[in-house]
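Have a look at the structure below before the remarks.
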Amino acid sequence: MKVLFMAWEIYDDSGMIPEFSKYCTGGGLVIKNICEYVGRVCESYLFIGKCKMPEMDLGNIHLVGTDREEEVQDTGLSVQEKHLQTMTAAFEKALKKIRPDIVNIHGLGVLAKQCIEVCIAKGIPYVYTEHLYIGMNQKIPGYEKHIEWEKQLFRIPDLRVIAVGSGMKRKIIQDFPEIPEKNVSVILNGTNFIAQKLQSDLSKKFDLHEKKVLLCVGSILDRKNQMQIANAFRLLSRDIQEKIKILFCGADAIEGALQNRISELGLQDKLIYAGSLSNREMKEYYSIADGLIVPSIAEGLSIAMLETMAYGLPIIMFSDLECADDLKDEKVICFAEDRSDQGLADAIVEWDQRNWDRDYIIQYSKYFSMERMAADYINFYKQSINSLEENE
């Protein structure tokens, strides 16, 4: 079976694609891993839209060459529109050359929508994987364009979708009731992450002696809602505040606003911004942590959650998060039952008071492997192709 993947970008730490080796996102990492692990069983081709790429093999992925594609010459178009039209034409040529059995498009954007429309026009089986769904009822600064893209893409007639969480599927169908429920499947994310207990000087650096440590992992931005942690922490009793430190790990995209709020509340010795960290550095932080706190407004089944569980660490999150239905195990997750600051503070207290079985959480995490995820994708592809053949 030949599978053609299409994505705007990926994350690759092999050094073979310098353009995609600097900034690691959970979505970019999981997309590349899906292509790789599916490629261990099937023929896996990857079309990248952000920039022209030379043809090459990247592990078990055949990267589609687009570097020889001539630019659209229409002088009335913006540079961005020229690029989109050029890459759409390159995608059509890739379809003709590769003749895939199915196309799997990952991630939102204008080019993703155009590639889906090309597949529909040519009668080629396709599915769109949604990694982050904001929805029609959310107003998150910086995501206005994202929501507009969602409106355009999810109104494509008879759209076929893979959601990375059951809650995400439910939100999509609520927002777009014209999409039949059978057209939206759920495949939970996986990771090839290996937990390693690493020694470091972090305990001394952050004065963590006899403290419980919560990590908050991910870029500092409005969607991930780290500011609410500061507002909730101030509601904790002094005794609990003295027992806990929270370390924020990720690139700052809101220009120091979180750090400023922490300083305003006088909590800078308890809530600490650790900065953007490498994969190895993150393992040092997981090694000294006691849990993860996820205050996000919208979130797929994040890689940080899967990595945390691999270390046997529990997770604090809101009960209405998209992945909550898929992680409903009270031995692994501590839910904040409402979105208030007090609700989040109460969840922190509950996490602190409960005894967590790390071995149980590690065993639980083993379901979320890349091998299982790739097998789920391959089974989905086979069923989709067989179903279409039966209907012809």
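General remarks:
- All aspartates and glutamates inside 14 Å of residue 122 as judged from Cα atoms, apart from same-chain residues fewer than 8 positions distant: 92, 101
- Placing a label point 7 Å from the Cα of residue 56 along the Cα-to-Cβ line, the residues of the stretch 2-17 whose backbone N sits under 12 Å from it are 12-17.
- Taking every alpha-carbon pair under 8 Å whose residues sit at least 6 apart, the stretch 4-51 reaches a relative contact order of 52 percent.
- Note that the stretch 87-103 has calculated 3J(HN,Hα) couplings of 6, 5, 5, 5, 5, 4, 5, 5, 4, 5, 6, 7, 6, x, 6, 7, 10 Hz, one per residue in order, obtained from phi through the Karplus relation 6.51 cos²θ - 1.76 cosθ + 1.60 (θ = phi - 60°); glycine and proline are x.
- Three-way shape label, the stretch 328-392, alpha-carbon gyration tensor, a/c 1.5: oblate
- Cα centroid of the stretch 43-85 to Cα centroid of the stretch 134-163, whole Å: 24 Å
- Compared with the alpha-carbon gap, the fully stretched path from residue 170 to residue 237 is longer by 20.4 nm at 0.36 nm per residue.
- Sequence-distant contacts, meaning Cα pairs under 8 Å at least 6 residues apart, place the relative contact order of the chain at 15 percent.
- Of 41, 161, the residue with the largest accessible area leads and the full order is 41, 161 (1.4 Å probe).
- Think of it as helices only: each DSSP H run of n ≥ 4 in the chain is worth -39500 (n - 2.57), and spread over all residues that comes to -11500 deg cm²/dmol at 222 nm.
- Between residue 319 and residue 43, full extension at 0.36 nm per residue minus the direct alpha carbon distance yields a gain of 95.4 nm.
- Taking θ as phi - 60° and the Karplus parameters 6.51, -1.76 and 1.60, the scalar couplings of the stretch 248-260 work out to 9, 10, x, 5, 8, 10, 10, 6, x, 4, 5, 4, 5 Hz in sequence order, x denoting glycine and proline.
- Degrees, to the nearest 10: 144-153 long Cα axis against longest axis of the chain: 40 degrees
- Angle in degrees between helix 279-288 and the longest Cα principal axis of the chain, rounded to the nearest 10: 30 degrees
- Förster radius 30 Å - calculated FRET efficiency between residue 212 and residue 279, Cβ distance, rounded to 0.05: 0.80
- In this structure the amide hydrogen of residue 62, modeled in the peptide plane, comes within under 5 Å of the amide hydrogens of 44, 45, 46, none closer than 5 places in sequence on its chain.
- Cross-link reach list, lysines versus residue 82, counting only Cα pairs under 20 Å and skipping chain neighbours closer than eight places: 50, 52, 93, 113, 145
- Shape analysis of the chain yields a ratio of the Cα radius of gyration to the Kirkwood radius, Rg/Rh, of 0.98.
- A full extension of the chain between residue 362 and residue 69 corresponds to an added length of 100.7 nm, given 0.36 nm per residue minus the alpha carbon distance.
- Reachable lysines from residue 243, criterion Cα separation under 29 angstrom, eight or more residues apart if same chain: 197, 204, 205, 211, 212, 224, 270, 283, 328, 331
- Comparing 46, 313, 235 in a Gaussian network model of the chain where C-alpha atoms under 10 Å apart are linked, the largest mean-square fluctuation is found at 235.
- Across the stretch 120-132, rounded Karplus estimates of 3J(HN,Hα) from the backbone phi angles (6.51 cos²θ - 1.76 cosθ + 1.60, θ = phi - 60°) give 4, 4, 9, x, 9, x, 8, 8, 9, 9, 9, 9, 8 Hz, Gly and Pro being marked x.
- Pairwise label distance in nanometres, residue 97 with residue 329, each label 7 Å out on the Cα-Cβ vector: 4.4 nm
- Selected from 231, 189, 104 as most flexible by GNM, with the chain as the system and alpha-carbon contacts under 10 Å: 231
- Probe 1.4 Å - accessible area at residue 211, Å² to nearest ten: 60 Å²
- Prolate/oblate/rounded call for the stretch 1-136, Cα gyration tensor, a/c under 1.5 rounded: rounded
- Residues of the chain were split at every exposed loop site, defined as chymotrypsin sites (Phe, Trp or Tyr not before Pro) in a DSSP loop with at most 13 other C-beta atoms within 10 angstrom, and the longest piece left, sites excluded, is 24-366.
The values are calculated or read from the model by the stated rules, or taken from the named source; none is laboratory data. These numbers come from a predicted model, not from an experiment. Using ideal geometry, Cβ is built from the backbone for each residue, glycine included, and neighbour counts are taken over all protein chains shown. Calculation scope for accessible area: heavy atoms of the full protein, side chains included, ligands and nucleic acids excluded. Shrake-Rupley method; radii C 1.70, N 1.55, O 1.52, S 1.80 Å.
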